[in-house]
Structures are given as structure tokens and as C-alpha cells.
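Have a look at the structure below, then the notes.
Please treat every number below as a calculation from the coordinates, not as lab data. From a predicted model like this one, the values you see are computed outputs, not experimental measurements. Cβ atoms come from the backbone with ideal geometry, glycine included; neighbour counts cover every protein chain shown.
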Amino acid sequence: MTSVQIEVLLQTVISGIFLGGLYALLGIGMTLIMGVMKIINLAHGELMMVGMYIAYALFSFFHIDPYLSIFIAAPALFLLGVMLQKFLINPVLTVESILPENQVILTVGIGMVLSNLATIFFTSDYRSTPVEYATKAWYISDFWKGSPIELSISFAWSVSFFFAVLITALLWFFLAKTDMGKSIRATAQDTDAALLMGVNVKKMRIITFGLGAALVGAAGCLFIPIYYLYPDLGGQFTLIAFVITILGGLGSTVGAIVGGLILGLFESLTATYIGMGWAPIGRFVIFIAALIFIPGGIVSLLKKQRFG
Amino acid sequence: MLEIGHIDVFYGDVQVIWDVSFCVKRGEIAALIGANGAGKSAILKTISGIVRSAAGKIVFNGKEIQNVEPYRLCEAGISHVPEARRLFAEMTVNDNLDMGSLKGNAKKDREQTKAMVFDLFPRLKERRNQLTGTLSGGEQQMAAIGRGLMSKPSLIMFDEPSLGLAPILVREIFSVITKIREEGTTVLIIEQNVKQTLAIADRAYVLANGKIVMEGTGKSLLNDEYIKTAYLGV
């Protein structure tokens, strides 16, 4: 390989990891909801779109940096998630219907309403937040004069990645170390047993949906300095989150992180070596391959190792 | 302490419990025995609110609890060690024990109670950082009992604690149950292992087809001709 080829490969891998970090955050929110509620939230991408419009509005009207608007968008999305769960999804849980998965269908409807509301309020124009650091980049030769290869790292991408890792770490701490986090995991693993331990399962469902929405809202704030925004963008990200959830293993946060990274890397490699337009096809190749070859997701492979 | 008055329970459209009444007095070991499908587990699930009774009432410490939200019963002092253990398999022993002590005093005294549980089951202390899904059946039962004790209950209910265990472990579990009673916790146990259960029970009820057909002290039932032929195979 010539040094140019190595540069291209490394550059591709780096952007793949950055993208994967953001994807992981997107997937974790969906997998959390999946674990506790046993439903796929098909409004997940639309919730992210809402988070992005919040960041966009704050930037356009008050000149608030998109990264700072995490602190507003995430709590706002938490509240939105809580409301959706409490007033729309929970009542549907108790209704007897001919369709067993009517909550899933409800989330599709919620997604449609959200994207149409966005069209009404913001029109269907493409939006972005033109921050001044959007085109800034770090070059490896700035730090290491004699470097044999030259790599550039986008400032916005690396900051987004840093926040994604930080939020994931905080979430891990919450789920692993606090009583409420443990209660959420317990509810996901065995609802009746959690009830016997005194866990208010209904409340946990509401909090989990809020948390999943807050995570994807934060992911929206991390995406907007990098992506364009339009009302229909949600559907695409719902699909991405869905693929990550299937690839990682339903309900597994570790699986979502690994799945997100794999998908990010794979898309980045496809875009460089096959062509930009092929990335979504690569995504669904992975999806189908996961369904056929590792139906339990990555987490099932990890488990096999652990249980010997 | 616990009074069950004329409860009827349905699973879907099928009635599984017919007009059952019994009581558990403070400080004793009460037992419900009966064959598979007699309705024993249904009764425990009704007491802890996972299944609702269609009629009748359940009184605990003078208060009617049949309409109380199930998650509040743990704090009220009822602990239910469910059938087949129902541990949180992907959490460690330590986290499972923490889950048993989420509220009020139980949370405050968590480390103290945990030390007591580890005294009772030294094996759990060795394995406290292991996922409960990787434990042996006996260890899982110990973890489930330990988790049930973490809420510092005044009444602890065991659903078939001997299920699937080797005879030597069954003896250990039964001796722990007697120890729990000696330390002041009232016990309600349901079992298919009739002989060993009656040997430790102060009061016992025999359940058949969702109805109570006999009651008496553990010893008197152990010597009863009907019990001997129907359940002990003597």
C-alpha cells in the first residue's frame, strides 16, 4: 500500500468510528426502550429530529451553540417522552385489540405527527446551524512535524464524538451504580420479579421512555453541526437505530455500542471504497446478515463466551 | 397477621381458587401443601398482588391489601420469594441483593442486612460479583432467599424453595427457613415436598383443586392417614 492509500484507509476508519459513536447513542436510546417496554419505538428518529429543531431554533433565535443546547434539548425531550408514554402508550397497553403490537403502530403514528408538526412550524426547507467551527479541522502535522502521513480530523465531528462517549459513560454509570438504574435493568429482565421487589414498574416505563427520548435528543444536538436538517429526516434515523438494535441484540446497551460502531465503520468504508450512495445498501446488508447469522445479536456471541 | 377471607381467583376465564380462607399467625411457619396445579402459587401471587382476586379479601396487619398496588407490598413488610427463583439473571449477586432493599429502612440498613445474608449463605459472599445467571441451582435459590430477606420483611413467603434441588441442599434450605423464623420473621411456605414441610410447619393447609380440604398442625397432618396415602406414599 502506498502512503496515500494508508491515509485514505485511516481517514475512513476514523470517520467511521466518529459516526459509530453517534450511532451508538442513537441505538442505546432505542434498545433501552426495547428492553423495558418490549416494543420497538418507531418514532425514535422523529424524536431526534425534534431535538435537532430545538437546537436549530435556539441557534437561530438566541445564538446558542448546538453543543450547549444539549442541556435544553435533552430535558425537553425527556418531558416529551414522559408525556408520550404516560398519555398515549400506557393507555394503549391496557386496551385489548386484535393487533398484539398496537403500541408499535402507535409509535409510527406519533412519528408521523411529529414530522408533520415540524413541517408546519419550520416548513420543509433544509436547515443547518452554520457554526464558525464547522469547517475547522485538526491536522496531524500540526502536532507531529515529521509525520509520514497526513490525517485531518474535523473539529465538529471530534467534539460530537467526545460528547457521545461522555453521555454513554454517564448512562452506564447510572444504569450500573444507582438504585434507579438497577431498577430499570431489573424491570427489563423480569417485570414480575421487579414488582415483587417494590419497583413501581409503571413509573420505570415512563422514566425509561423519557430517558430514551432524552438520549436521542442529545444525539440530535450532536448531529446538527454536521448534518442538514429537514422534517422527514427522522425515518432514516429510526431505521439506523433499528438496525443497530437488531445487530447488537434486543435490549442490550453493550450490544448497541458495539453495533453502532460496526455500522458506522461499515458505512464509512462503503462510502469510501464503493461509493457514497451505497452506504444505505451496506446498512441493510448488515441488517439481513445479522438476522440470518447472529439472530441474537452481538450480545449473544459475548454471552456464549462468558458462560463458556 | 395475615388473613385470607373467601378469595376466588381466575386465570383468564378459568377459576383456579374457590372460596379459600386461611390465616397465618405472627411468628409461625405456615404451610400450604398440595399437588401440582392445586392452586398454591396462585394464592401466593394473589397475596402479593401480581394476580387479582375476583372476590374476597386479604388482611395484613389489620389492613385490607387486596387493592393495594403490588409494588407497595414490599415496603409494607411482605416479601415473596417466587417460584423458579426469578432472579435478575444478568445482574450480579450483589446487585440482586440491592434490588431487594430499595425502600425506606431496608435501604438504610442495606449493608448490615447484606452481612447477615452472607452469614446465612457464605457461598453468596464468595460469588457476590458473579452474574446470577451463571450460578448453580442451589446458589440461585440461596440468592433468591437472600434477596427476599433484604427488604427486612415481617412476613416472607416461599414458593417451592426446594424445587429442582439435590436432597442435601433441600435440607440446608429448610434449616435456613427455620432459622429465619427463629429470628422473628413469620413464614408462609408452599411446597410439594410434603414430608419435610410438615416437619417444620406449625400450621398447615392442604389444597386440592383450588379448595382447602384439610388443615391442622404440621405434626397432626404428618400422622394423618389420608395425607400418608395421598401425599407421602406410605
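Brief remarks on what is shown
- Chain B, relative contact order [Cα under 8 Å, separation at least 6], %: 27 percent
- A simple spin-label model places pseudo-atoms 7 Å from Cα toward Cβ; at A:LEU9 and A:MET83 they are separated by 5.1 nm.
- Loop-located GluC sites (Glu not before Pro) in region B:128-228 whose Cβ has at most 14 other Cβ within 10 Å (DSSP): B:GLU183
- Distance cut-off 35 Å, percentage of C-alpha pairs in the protein assembly as shown lying past it: 47 percent
- Shape of region B:131-176, Cα gyration tensor, a/c cut at 1.5: oblate
- Between region A:10-25 and region B:147-207, the Cα center-to-center distance that results, in Å: 55 Å
- In nm, spacing of pseudo-spin labels at A:TYR133 and B:ALA230 (7 Å Cα→C-beta vector): 7.8 nm
- Efficiency of FRET from Cβ geometry, B:GLU172 and B:ASP109, R₀ 30 Å, rounded to 0.05: 0.75
- Three-way shape call for region B:50-109 based on the alpha-carbon gyration tensor, with the a/c threshold at 1.5: oblate
- When you restrict to C-alpha pairs under 8 Å that are six or more residues apart and normalise by the size of region A:1-150, the relative contact order lands at 30 percent.
- Once exposed loop GluC sites (Glu not before Pro) are cut out (DSSP; at most 15 other Cβ, 10 Å), longest piece of chain A: A:151-308
- In this structure, the amide hydrogen of B:LEU32, modeled 1.01 Å from its nitrogen in the peptide plane, lies closer than 5 angstrom to those of B:ILE189, B:ILE190, B:GLU191, B:TYR205, counting only residues at least 5 positions away or on a different chain.
- Note that chain B, at 10 °C in a medium of 1.306 mPa s, gets a Stokes-Einstein diffusion coefficient of 88 µm²/s from its Kirkwood radius over C-alpha pairs.
- Coupling constants for region A:117-130 follow from the phi torsions by the Karplus curve (6.51 cos²θ - 1.76 cosθ + 1.60, θ = phi - 60°), and in residue order they are 4, 4, 5, 5, 7, 10, 6, 8, 5, 6, 10, 7, 10, x Hz; glycine and proline get x.
- Partners for A:LYS177 among lysines (Cα-Cα distance below 26 Å; same-chain residues under 8 apart left out): A:LYS38, A:LYS202, A:LYS203, A:LYS303, A:LYS304, B:LYS103, B:LYS107, B:LYS108, B:LYS114, B:LYS125, B:LYS152
- Calculated P(r) tail over 31 Å for region A:3-307, as whole % of Cα pairs: 30 percent
- Based on every Cα atom in region A:50-176, Rg and the maximum pairwise Cα distance Dmax equal 20.5, 70 Å.
- Within straight-line cross-link reach of A:LYS145, lysines at Cα separation under 23 Å, skipping those fewer than 8 residues along the same chain: A:LYS136
- Rg ratio (alpha-carbon, reference 2.2 N^0.38 Å) - region A:1-82: 1.47
- For region B:189-200, Karplus couplings with θ = phi - 60° (6.51, -1.76, 1.60), whole Hz, Gly/Pro x: 10, 10, 8, 9, 7, 5, 4, 5, 5, 5, 5, 9
- Proximity of backbone amide H atoms, modeled 1.01 Å from N, is registered between B:SER53 and no other residue at under 5 Å, excluding neighbours fewer than 5 places apart on the same chain.
- Relative contact order computed over region A:3-307 (Cα-Cα under 8 Å; 6+ residues apart), in percent: 37 percent
- Placing pseudo-labels 7 Å out from each Cα toward the beta carbon at A:ALA289 and A:ILE120 gives an inter-label distance of 4.4 nm.
- Among the chymotrypsin sites (Phe, Trp or Tyr not before Pro) in region A:108-210, those located in a DSSP loop and surrounded by at most 13 other Cβ atoms within 10 Å of their own Cβ are A:TYR126, A:TYR133, A:TRP144.
- Gyration tensor verdict on region B:1-118 (Cα atoms; rounded if a/c is under 1.5, prolate if a/b is larger than b/c, oblate otherwise): prolate
- Residue (of A:ILE64, A:TYR228, A:GLY297) at the positive-pole extreme of the protein assembly as shown, dipole from beta-carbon charges: A:GLY297
- Per-residue Karplus couplings for region A:277-294, computed as 6.51 cos²θ - 1.76 cosθ + 1.60 with θ equal to phi - 60°, are listed in order as x, 7, 3, x, 5, x, 4, 7, 4, 4, 4, 5, 4, 4, 4, 7, 9, 10 Hz, Gly and Pro entered as x.
- Theoretical ellipticity at 222 nm over chain B - DSSP helices of four or more residues, -39500 (n - 2.57) apiece, nearest 500: -10000 deg cm²/dmol
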